[in-house]
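Notes for the one structure printed next.
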Amino acid sequence: MTAMTSVAHIRTCSEYTALLILLVLLSMTSFAQVPDNAADLEAAQSLAALLQETRTLQADVEQLTLDQDGREIQEFQARLVLEKPDHFSWEILSPYQELLLTDGERIWRFEQDLEQVSIDPFSNDISRTPVLLLNGDASAIAESYTVSFFSDLVSANTRFILKPKAPDSLFERLSLSFSGKTLTEMQFEDSLGQKTSLTFNAMRVNESIDPAVFLFQMPDGVEVLDNTGL
């Protein structure tokens, strides 16, 4: 893999992770709608109960991605700000700077060192690319996964495991870990065998967020790729 290809791959992983977080935190509250069996129903209801309590979320995120052989591909620090139902900011702070932001109508992606901004519409199609997953209808997403969970009554820790029903899913397995009602870690494995772990620190839940956080300020002198057709 060349240096340029490696950078492109890392950035694809970063965007993919950000959108996966949004998919999970905004859309999974409806998993109880289409359970396969009683066990799925119980797991889905438990997960929904936890996620429905979160209206806003702010956190520092540490991400580590390993390839199928256990070699480190990517490690970075990011800042997550989220407000239901459709406002989201994912800012990568290190080792490079990038911002992914949506206000529910458009999605902006600012790659600072490339001096480039891309703008995409916020649509409802979840079938084509990871970018569009975050726009998916919750019941449609629920139809694609089975849910199970494991609880430790002593530590009050709970872990949810989600597995796709379709063989061509973009990821093979997703897990969310909670300490009490607080999301502490998310792990997923994609179809290439890459494993990604995200740890959430300094989390603030259900605090007011300045609306200006979700307003994109266009920098001077950048290349703009507007795919909205407006």
(message) I'm checking my understanding of the structure. Among residues of the stretch 63-97 that are crowded, with 16+ Cβ neighbours inside 10 Å, of a type in the set (Asp, Glu) and assigned to a strand (DSSP E or B), which one is modelled with the highest pLDDT?
(response) GLU91
(message) What are the pairs with Cβ atoms under 8 angstrom where one residue, in the stretch 183-208, is farther than 20 Å from GLU53 by Cβ and the other, located anywhere, is basic (Lys, Arg) and part of a strand (DSSP E or B)? Sequence gap at least six, or different chains.
(response) GLN187/LYS195; PHE188/ARG173; PHE188/LYS195; GLU189/ARG173; GLU189/LYS195
(request) Confirm whether ALA32 is of a type in the set (Gly, Ala, Ser), surrounded by 13 or more Cβ atoms within 10 Å (Cβ to Cβ) and modelled with pLDDT of 60 or more. (result) no
(request) Tell me which of these ARG128 doesn't satisfy, since it passes every other one: (1) modelled with pLDDT of 90 or more; (2) part of a loop (DSSP other than H, G, I, E, B); (3) not polar (S, T, N, Q). (result) (1)
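The values are calculated or read from the model by the stated rules, or taken from the named source; none is laboratory data. Remember, it's a predicted structure, so these values are computed and weren't measured experimentally. So basically every Cβ, Gly included, is an ideal-geometry build from the backbone, and we count neighbours across all protein chains shown.
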